[in-house]
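Just below is one structure, and these are the notes that go with it.
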Amino acid sequence: MERTKLPGIPETLAWADPSSGEVSFLADSTVYPLDAVYATAYVFLDRCWVLLGRHDGHWRVVLAPKKGPADDETLRAMLGEFANELLSSAWRHEITRQNRATIEAVVMHALGGAMGPPGLDELEEFDFSSEPFEDPLGIAQSWEEKYRKRTAEAANEPPSGSSAPRDAEGAAAATPANGREPSAAEADAVAGPAQGGDGDPESAR
Amino acid sequence: MSIELRFDKALYRRDAIEQAIAAFARHADCVLEDGGQVWRVRVEARRPERERAIAGELGNWALGATIRAGGVRS
């Protein structure tokens, strides 16, 4: 086996073998994960014969062009492309590792949306009695619920402004000022003339 | 005349190598042996001038099948 140095590349990292038309390259296994080496090698399968190995804490990659001359310049260019692609693959691998949780969440949402609206069978099995989701702004509230709530609030509101004297008059009419229980005549007077003296509507007719 | 290929067991799947050997059985006689940390494959092509190309393609096939299977660890 003949071993020659490639111009501009340290011989400890890469060397060529002109007799077999191959170039060997060592990639630090602590810097470049195996998945990145696999991904890069896969890209080169159509134009090179690729053989992977291990050597002293490094991945050893042997490349041989399938077609064309295997001179030093060709081998050096091929090796440079492989090294660039390997660096790119390693970086993509790192980004994927860092964003794995985000990617999984986005994919899950996309798959959930792609399933489409539920069918009648699914709606039949759906548990509508479960607790509703949090709705602090009242967006999910129906018109009836909202209207009823306002009416109830209005009824419970304390008197204010011009309505106060009228309410006070009503209260004074219903309850004597001395705090005693109203007599039957007083109660009739508050109830109005439609009722008879004994309080029986039938007898009043 | 024959070529010996050495496939590291930590990088190549045995089933991928067997698949590659089966794919090139028409073009070469291939023998798979256990070489400790490596799988050794001896390739002897029916046409000697094609031996280097067949050995190279067999190696590519084994690597591609290993990668498509998710590597050795899966």
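Taken together, the values in this text are just the output of simple stated rules run on the coordinates, not laboratory data. Small disclaimer: the values here were computed from a predicted structure and weren't measured. All Cβ positions, even for glycine, are placed from backbone atoms using ideal geometry, and neighbour counts span all protein chains on display.
Fraction of C-alpha pairs exceeding 14 angstrom in the stretch A:32-71: 48 percent, rounded to a whole number. FRET efficiency for the pair residue A:85 and residue A:109, taken as 1/(1 + (r/R0)^6) with r the Cβ-Cβ distance and R0 = 51 Å, rounds to 0.95. Using unit Cβ charges (K, R positive; D, E negative) and no other charged atoms, how large, in debye to the nearest 20, is the dipole of the stretch B:3-68 about its Cα centre? My answer is approximately 140 debye. Counting only Cα atoms, the size of chain B along its three principal axes is 37, 24, 15 Å, in decreasing order.
Taking each residue as 0.36 nm, the span from residue B:9 to residue B:73 lengthens on full extension beyond its C-alpha to C-alpha distance by 22.0 nm. Pairwise Cα distances in the stretch A:14-98 exceed 22 Å for 22 percent of all pairs.
Ranking of A:63, A:137 by neighbouring Cβ atoms within 10 Å, starting from the fewest: A:137, A:63. Taking label points 7 Å from Cα along the Cα-to-Cβ direction, residue A:72 and residue A:102 give a separation of 4.6 nm. Exposure proxy for A:15, A:143: other Cβ atoms within 10 Å of each Cβ, ordered fewest to most, give A:143, A:15.
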